[in-house]
Structures are given as structure tokens and as C-alpha cells.
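Read-outs throughout are calculated quantities, based only on the coordinates presented, and are distinct from any laboratory measurement. None of these values were measured; they are calculated from a predicted model. Cβ sites come from the backbone with ideal geometry, for glycine too, and all protein chains shown count toward neighbours.
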Amino acid sequence: MTETNVTQAETQVVAQARAAASGLRVVDGVQLPAAGTYVLDPAHTRIGFVARHLMVTKVRGSFGDYDGVITIGDTVADSTVQASIRTTSIDTGVADRDGHLRSGDFLEAEKYPEITFRNARVVKQKGATFQVVGDLTIKGVTKQVELDVELDGVAKDPFGNEKLAVTATTEIDREDFGMTWNVALETGGVLVSKKIRIEIEAQATRQVDAA
């Protein structure tokens with residue numbers, strides 16, 4: 001073994017030892033968060049979506065009221081996610097449109113105040129990319145969806161709080177959840193796309209048990 005290889009091996013061993021001492025783990029070349037419960041930080045999280053209008057324009061929106069927990073297990077397969085989103089908090093920047101989205105044509109927010117994501121689990125890992133499968137419930141209809149999740153990193157803030165950051169995306173067909181309202185266009189196509197892209201950028205804080 002060359003001196004360079006020895007040095008690289010020693011460096012890797014030291015890095016792994018430091019990670020183990022701090023509760024972090026390296027799996028498939030990626031530093032994973034320490035096992036524990038991580039709660040979404042609303043100040044650094046966005047739960048958004050993208051739809052097509054008139055078949056050509058992208059309309060973006062988000063939800064402002066939600067809570068979620070990421071539980072990091074002793075193994076990747078043991079990790080889980082759950083989240084709840086208040087449907088009345090939908091915001092696309094246009095009040096009339098938001099009111100329509102809260103109505104029975106779409107989310108029917110008065111009858112169905114929450115969107116939930118439950119029983120989520122990691123089914124595959126490749127480096128910092130994970131496939132997460134879980135049960136998405138909208139308007140009382142539950143469908144299994146698969147999210148592409150990227151672990152953006154783990155860090156400590158200036159106050160010593162342990163943080164993890166992830167980006168997640170998926171695409172759903174809104175008609176699968178009973179949101180079938182639309183208007184046919186004279187030029188062909190429909191007013192609002194059936195396919196909705198969900199985009200999540202999240203930061204979560206590890207919860208520490210009180211002494």
C-alpha cells in the first residue's frame with residue numbers, strides 16, 4: 001500500500017471515528033443524522049406545489065401552516081416521516097384563486113381541514129438520494145406516493161441545535177383525490193393541469209430530552 005493510500009485510509013478512519021463519537025453515521029459515503037426525532041422548523045421550511053394554467057403557464061403556491069416529524073432510526077430502513085398540513089393555509093398570491101382552491105371544487109377545506117402524510121419509510125438509498133414511500137391523504141382519499149428525497153446535509157446551529165436539511169419532490173394526479181373540476185379550452189386541453197408537482201425544502205431540529 002502506498003503512502004498516499006495509507007494517508008487516505010487513516011483520514012477515513014479518523015472521520016468515521018469522529019462521526020461515531022458525535023452520534024453521526026456514514027452510510028454509502030454519506031454522513032447521516034444522529035438517530036432521534038427531528039421536528040420541522042417553519043422558519044426554514046417550504047411546502048410548495050406547481051400546477052399548469054392554460055396548459056402553458058406554471059402557477060406556484062405553498063402552505064403556510066403545517067407540522068411534521070422526521071424520525072431517524074438506527075438504520076436507514078427504520079427511519080420514518082409524518083406530516084399534517086392545514087388546507088386553509090394555501091397561498092398562491094391571489095386571494096380569489098386561493099378562495100377557489102379552498103372550495104369544494106378543490107380542497108374543500110371546511111370539510112377536510114388537513115392533508116396528511118403517514119407511514120412513510122425509506123425503500124432505497126443511493127448516496128444522498130433516498131426514495132421514500134408513504135400514504136398521502138387529501139379530501140379523505142388515501143393514495144401511496146413515492147418521494148424523491150435528497151439529504152442536503154446535517155449541521156449544528158450557533159446555539160448547538162442539531163439540524164438536518166432535505167429536499168423532496170413528487171408528482172400526483174389531483175383527480176385521484178377527487179379534485180376533478182376543470183374547464184375545457186377552445187384551443188384544446190384544459191384550464192388547470194391534472195398533474196401537480198409537490199416541492200418541499202425542509203429543515204428540522206433534533207429534539208433533546210430534558211434532563
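In segment 105-190, which trypsin sites (Lys or Arg not before Pro) are in a loop and have at most 14 other Cβ atoms within 10 Å, using DSSP for the loop call?
The qualifying sites are 111.
If a paramagnetic tag sat 7 Å from the Cα of residue 137 along the Cα-Cβ line, which residues of segment 74-96 would have the backbone N under 14 Å from that point?
Residues passing the 14 Å test: 82-87.
Taking the 0 to 90 degree range and rounding to the nearest ten, how far is the long axis of helix 3-21 tilted relative to the main principal axis of the chain, both from C-alpha atoms?
Around 60 degrees separate the two axes.
Using DSSP to define loop residues, name the GluC sites (Glu not before Pro) in segment 80-161 whose beta-carbon has at most 16 other beta-carbon atoms within 10 Å.
Those that pass, being in a loop and sparsely packed, are 110.
Modelled label-to-label distance, residue 96 and residue 55, 7 Å Cα→beta-carbon offset: nm?
2.4
Reachable aspartates and glutamates from residue 126, Cα under 12 Å, same-chain residues fewer than 8 places away excluded?
Counting by Cα, and skipping residues close in sequence, residue 126 has these aspartates and glutamates nearby: 28, 148, 150.
What lysines does residue 139 reach when the alpha-carbon gap must be under 27 Å and sequence neighbours fewer than 8 apart in one chain are set aside?
Counting by Cα, and skipping residues close in sequence, residue 139 has these lysines nearby: 58, 111, 194, 195.
What area, in nm² and to one decimal, does the C-alpha convex hull of the chain cast on average over all directions?
In nm², the orientation-averaged hull projection of the chain is 16.1.
For every helix of n ≥ 4 consecutive DSSP H residues, a contribution of -39,500 (n - 2.57) applies; sum these over the chain, divide by its total residues, and give [θ] at 222 nm rounded to the nearest 500 deg cm²/dmol.
About -4000 deg cm²/dmol.
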